[in-house]
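Read the figures in this text as sums done on the coordinates, not as results from a lab. Note that this is a predicted model, so its numbers are computed, not measured. Note: ideal-geometry Cβ built from the backbone for every residue, glycine included; neighbour counts use all protein chains shown.
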Amino acid sequence: MSDIKVLALVGSLRAASVNRQIAGLAAARAPAGIEVDLYRGLGGGLGDLPLYNEDIDNAADLPGAAHALRGAVAAADAILVVTPEYNGSIPGALKNAIDWLSRPYGHNALSAKPLAVVGASMGQWCGRTKRPVNRSASPEPTLSTRPRSRCQSTHWVASLRARVTTLSPASPTC
Ligand SMILES: Cc1cc2nc3c(=O)[nH]c(=O)nc-3n(C[C@H](O)[C@H](O)[C@H](O)COP(=O)(O)O)c2cc1C
């Protein structure tokens, strides 16, 4: 059986993003049988996408970045969203990506796709919109040096694998 493909979408556009470090850790520590790829888009990740506009969401005008994102999500078996919290919600870049993925109507690329959300926030509340996985007073922690982070990233990816296996039509548990 070929590897289960997990696509990691990073909600932060920051070059030194802690959340990108976490996604990298999940890729580096993925259990056997799982391949985790960080979505890079046309080079700038989710930052390549223009703001969603229904006027350009058609075959003739569809931006290359939107085409690339839809294709990457469609090709993945599961999605791992790794994101900080911005003002009590998800960052605009991530929301914009979800808007692109949710259309055209009736063709939501995320529909029925196993998806997990993890991330780190350094604000006072440590991310209220999702379960926090890390917190530090240090502005730029090096997550790969933390045994707990390494262990957790492997656990999240393994949990996604279990979900993919459960949903698979070939699975004996279905
Ligand atoms: C615009 C903005 C809004 C933020 N809002 C929150 C928030 O609501 N809750 C929180 O815990 N942290 C908040 N933060 C702090 C981020 O969680 C922190 O900067 C985090 O490290 C960003 O992740 P990154 O390192 O992957 O870029 C905010 C940061 C920014 C830039």
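A compact table of results
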read-out: GLY44 vs. criteria within 14 Å of GLY11 (Cα to Cα) and of a type in the set (Gly, Ala, Ser); value: yes
read-out: Count of residues meeting criterion [surrounded by fewer than 16 Cβ atoms within 10 Å (Cβ to Cβ) and among the basic types (Lys, Arg)] in segment 104-122; value: 0
read-out: Only one of GLY45, GLY33, GLY24, GLY11 that is at positive phi, within 17 Å of the chain's Cα centre (by Cα) and in contact (Cβ under 8 Å) with a residue 24 or more places away in the chain; value: GLY45
